[in-house]
1. Based on the mean of other beta carbon atoms within 10 Å per residue, what is the order of 213-221, 75-83, 133-141, most packed first?
2. What full-extension length gain, to one decimal in nm, is calculated for residue 207 and residue 126 as 0.36 nm per residue of separation minus the Cα-Cα distance?
3. Can you pull the percent of Cα pairs in the range 39-84 with separation above 17 Å?
4. Treat the range 173-226 as a sphere of radius equal to its Kirkwood radius over Cα pairs and apply Stokes-Einstein at 20 °C in a medium of 1.002 mPa s; give the translational diffusion coefficient in µm²/s, rounded to a whole number.
5. Sort 51-62, 142-153 for me by packing, meaning the mean count of neighbouring Cβ atoms within 10 Å per residue, highest on top.
6. Testing the spin-label approximation: label points 7 Å from Cα along Cα→Cβ at residue 235 and residue 56. State their distance in nm.
7. Considering only C-alpha atoms, what is the centroid distance from the range 199-214 to the range 41-89, in Å?
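Throughout, read-outs are computed from the coordinates displayed, never taken from laboratory work. Because the structure is predicted, anything quoted here is derived from the model rather than measured. Please note: Cβ atoms are built from the backbone with ideal geometry, for glycine as well, and neighbour counts cover all protein chains shown.
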């Protein structure tokens with residue numbers, strides 16, 4: 001009997017190892033992406049294409065293609081984590097991230113601040129906010145499509161540290177974005193936090209996040225501010241998603257960029 005149990009365990013472990021070794025995140029993008037679009041009632045004729053390098057999804061409404069960064073998929077080890085990468089890109093599109101950056105570029109080029117220290121600082125801050133907004137928009141999409149939204153945190157924290165300060169202070173990689181997701185879920189989807197995510201990266205993140213949340217929750221003023229911010233974030237996400245659906249896949253920022261670009265450059269990208 002003992003030999004049979006050992007044999008069965010060996011087979012299971014071998015199968016798990018083989019599955020982990022053969023998982024190809026890029027191969028799962030089309031299926032996972034289609035599920036995200038369908039379950040969220042977004043334009044479902046859109047196709048997905050994995051590419052290397054910088055992703056520009058500002059023209060999805062005309063091309064019908066959503067580009068997914070290959071380098072981000074390197075940190076996805078299952079469908080939940082693939083969904084996190086894809087949902088972030090869809091969230092960026094819904095929020096008009098690429099068009100907002102192009103608008104900033106027009107303004108900075110016009111005012112001559114594109115290469116200034118101030119311009120670089122503003123770009124860094126605004127790009128961080130854009131990414132954080134896209135993360136939590138993506139979280140909403142993941143939940144409706146039955147993926148574990150905590151995978152968004154896992155994908156971010158699997159990556160190399162984004163700054164020397166993070167590495168030296170022992171913070172998780174992409175700690176600001178990961179904490180933003182954790183806070184958003186804690187307020188708006190507490191059951192998802194309670195359910196957890198079974199991997200070492202998430203457990204390590206909790207070691208960092210839980211004391212921060214505990215300290216905030218013990219301070220009445222900080223907690224009131226936190227609740228207002230999270231309630232506002234939830235309403236903004238719902239508004240952006242509803243607008244994107246109503247226009248058939250065009251964000252307000254896309255429309256604004258198109259008008260300004262035609263005025264300034266005669267329609268050139």
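1. Values: 213-221: 10.9, 75-83: 22.4, 133-141: 24.9.
The packing order, highest mean first, is 133-141, 75-83, 213-221.
2. On the way: separation 81, 0.36 × 81 = 29.16 nm, distance 2.82 nm.
Between residue 207 and residue 126, full extension yields 26.3 nm more.
3. Details: 424 of 1035 pairs.
Roughly 41 percent, once rounded to a whole number.
4. Numbers: Rh = 11.8 Å.
Approximately 182 µm²/s, per Stokes-Einstein.
5. Details: 51-62: 14.8, 142-153: 23.2.
Ranked from most to least packed, the peptides come out as 142-153, 51-62.
6. It works out to 3.6 nm between the two label points.
7. Taking the Cα centre of the range 41-89 as reference, the centre of the range 199-214 is 28 Å away.
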